[in-house]
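Everything on this sheet refers to the single structure shown next.
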Amino acid sequence: MSDRHYDVIIIGTGAGGGTMAHALAPTGARILVLERGGRVPREAENWSPEAVWRRLRYRAVEEWLDADGQPFTPYTHYGVGGNTKFWGSVLYRLRREDFGVLEHADGVSPAWPIDYETLAPYYDRAEAMYEVHGAVGDDPTEPPHGPYPFPPVPHASGMAAIVERLRGFGLHPSHLPLGVRRPGEPGGCVLCGTCNSFPCRIGAKSDAEVCGVDPAVAHANVTLRTGALVRRLLTDPAGRRVVAVEVEEGGRVERIEAATIVASCGAINSAALLLRSATDKHPHGLANSSGLVGRNYMAHLATMMQGFQPWRVNRDVFQKTVAINDFYLSGPDSKYPLGQIQSQGRTHATMAKGVGDAWRWGPIRWKILPLWMYEMWVARAVDWLAMTEDLPRPENRVTIAPDGRVRLEYRPNNVVAHKKLVAETRRLLERLGYWSPEVFAHSAGAKNTTHQCGTIVFGRDPRTSVLDPFCRAHDVENLFVVDASFFPSSAAVNPGLTIAAQALRVADHIADKGLR
Ligand SMILES: Cc1cc2nc3c(=O)[nH]c(=O)nc-3n(C[C@H](O)[C@H](O)[C@H](O)COP(=O)(O)OP(=O)(O)OC[C@H]3O[C@@H](n4cnc5c(N)ncnc54)[C@H](O)[C@@H]3O)c2cc1C
């Protein structure tokens, strides 16, 4: 076989593509992994809030358009490992109820074509692969689950005290399931304050490069090409099969063939790739007979919050260990789901100033406040995230603008439920003795792309879904889409582990059918 023909081409190396590569590598099939970005270098800037948050050193250098046609820089990253290099590594299973129809205040969260029990064995494997540390028993929403492969990361002393107080309020705080490698051990995770949104300088965060791509490319049959942007998928004359991908690498465009194609570009870019691959046989985009490619984009409603105590310095370095799921399925004054509350990594002064600089008080811009004031602030704060499910809406969608740029139309929904969750979080922080201002909402319209999902939905009916339950396109027999695109609903927990679990399931399916 030449380097122009492979058994499998995987496009993208994030939670979907990196996991696929890892799972298919032992089959011996000739696999080409194409990644538009490069390797994130291990360097001092990895842990520099200034580099990561002010200079946006690792962000995608690209402009997308919002619903009003205004350009913005998306919060996304291109490189080996995709967005998992920057994730907080909170690796949750969806709740069992998330797989069924769930009534929300603002509409219905639709059922998945598979149930929890179908995905459970793959969740087990994904947790082992991504070295998830957690504990069963405390979380009232935990689906049936054997022991985690690794014990939970212990709470730092301040968080341990908060957990006890929360229990005293009658709540059920639980350990966040975390993908970190050998925490506290020599050569392992040092439990530092730069995890969420920072790449790990010592490779001790479980991301798709470290846990997926690197072990995959150790197999002689797997080739990784970086700086390789897939522009289009090319089909046979009947439009039933993808015969090749068109790749742009170092200014050169070439065509590479494969028997099986796996698109894992992330929910927005996979939709863009299919839309850009329109032909006479697929006039509205490849695999788009349903008209759903790009539609039903979801991204979670998420609000970062800080409890502040002027007289008490927060000495916890790694505080991202606590979840409160008591309001996941209903709220104190709501029969509808509100979502999840998680403790977060420490906010750095540079991050807080970045947000504060944009605030106004009448004619006064908060930009006048110096960094040291934010340092005083964040040193006395404890950080939380309130996260609510948003619902699939066809008008929230990815399209391609006439000039070729991605256009993302997104108007948040289920906002009342989210406001209730934020109010509940504030009430809890106040009971704990904090002031609880809401520091910033990163569900700010179209710019919140971190938890993007839902643009190429899976299901049984080709009229109401693009992919079958194994993520194969209904319209194109050798095309699989394995990334956050397939989600019929966003649930209210972090998406990464579910993407990885489904990737393992799809990999088994592809391997069973034969790859050559
Ligand atoms: C700051 C941050 C924190 C997060 N925290 C968490 C968390 O704690 N827990 C959690 O579960 N999730 C978290 N997430 C979300 C999580 O990272 C994503 O859900 C997950 O990475 C999505 O996986 P994916 O495979 O769909 O896409 P990605 O991980 O985005 O991977 C897509 C890959 O495809 C490549 N690509 C795109 N287009 C092309 C093309 N045309 N040709 C070639 N390559 C292409 C990209 O460069 C990228 O490598 C976080 C995200 C961010 C940004």
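Evaluating residue 397 against the criteria (1) surrounded by 17 or more Cβ atoms within 10 Å (Cβ to Cβ); (2) without any contact (Cβ under 8 Å) to a residue 40 or more places away in the chain; (3) not hydrophobic (A, V, I, L, M, F, W, C) leaves one unmet condition, (2).
Only one of the listed residues (53, 47, 64, 87) is touching a helix residue (DSSP H, G or I) at 6+ places or on another chain (Cβ under 9 Å), aromatic (Phe, Trp, Tyr) and over 23 Å from residue 484 (Cβ atoms). That residue is 53.
Remark: pairs (first residue in the range 67-93, among the β-branched types (Val, Ile, Thr); second residue open to solvent by 50 Å² or more (accessible area, probe 1.4 Å) and more than 6 Å from the ligand (Cβ to nearest atom); Cβ separation under 6 Å; 6+ apart in sequence or on different chains) = 80/39.
Suppose we filter the range 9-30 for residues that are more than 9 Å from the ligand (Cβ to nearest atom), over 17 Å from residue 501 (Cα atoms) and touching a strand residue (DSSP E or B) at 6+ places or on another chain (Cβ under 7 Å); how many remain? Of the residues in that region, 3 qualify.
For the range 345-370, a residue qualifies if it is under 29 Å from residue 205 (Cα atoms) and either part of a loop (DSSP other than H, G, I, E, B) or open to solvent by 70 Å² or more (accessible area, probe 1.4 Å) (or both), and the qualifying residues are 345, 346, 347, 348. Search the range 261-304 for residues being outside any loop (DSSP other than H, G, I, E, B) and open to solvent by 10 Å² or more (accessible area, probe 1.4 Å), and hand back the single one that is farthest from residue 387 (Cα to Cα). Restricting to residues being outside any loop (DSSP other than H, G, I, E, B) and open to solvent by 10 Å² or more (accessible area, probe 1.4 Å), the top hit is 276. Residues of the range 317-335 that are surrounded by fewer than 20 Cβ atoms within 10 Å (Cβ to Cβ), assigned to a loop (DSSP other than H, G, I, E, B) and in contact (Cβ under 8 Å) with a residue 12 or more places away in the chain: 317, 329, 332, 333. Residue pairs whose Cβ atoms lie under 6 Å apart, separated by 6 or more positions or on different chains, with the first residue in the range 33-48 and within 26 Å of residue 222 (Cβ to Cβ) and the second within 13 Å of the ligand (Cβ to nearest atom) and part of a helix (DSSP H, G or I), are 33/21; 40/85.
Evaluating residue 493 against the criteria (1) touching a Pro at 6+ places or on another chain (Cβ under 8 Å); (2) part of a loop (DSSP other than H, G, I, E, B); (3) buried (at least 24 other Cβ atoms within 10 Å of the Cβ) leaves one unmet condition, (1). Considered as a group, the residues in the range 95-117 that are β-branched (Val, Ile, Thr) and touching a residue at least 24 places away in the same chain (Cβ under 8 Å) include one that is farthest from the ligand (Cβ to nearest atom), and that residue is 108. Between 347, 321, the distinction of being touching a His at 6+ places or on another chain (Cβ under 7 Å) and within 18 Å of residue 385 (Cα to Cα) belongs to 321 only.
Out of curiosity, is residue 92 within 12 Å of the ligand (Cβ to nearest atom), touching a Cys at 6+ places or on another chain (Cβ under 6 Å) and modelled with pLDDT of 95 or more?
Considered against the rule, which asks whether it is within 12 Å of the ligand (Cβ to nearest atom), touching a Cys at 6+ places or on another chain (Cβ under 6 Å) and modelled with pLDDT of 95 or more, residue 92 comes out as no.
Residues in the range 190-218 that are of a type outside the set (Gly, Ala, Ser), touching a Ser or Thr at 6+ places or on another chain (Cβ under 9 Å) and assigned to a loop (DSSP other than H, G, I, E, B): 194, 195, 196, 198, 200, 201, 207.
The values are calculated or read from the model by the stated rules, or taken from the named source; none is laboratory data. This is a predicted model, so every value here is computed, not measured. Neighbour counts run over all protein chains shown; Cβ positions are idealised from the backbone, glycine included. Heavy atoms of the whole protein, side chains included, go into the accessibility calculation; ligands, DNA and RNA do not. Shrake-Rupley method; radii C 1.70, N 1.55, O 1.52, S 1.80 Å.
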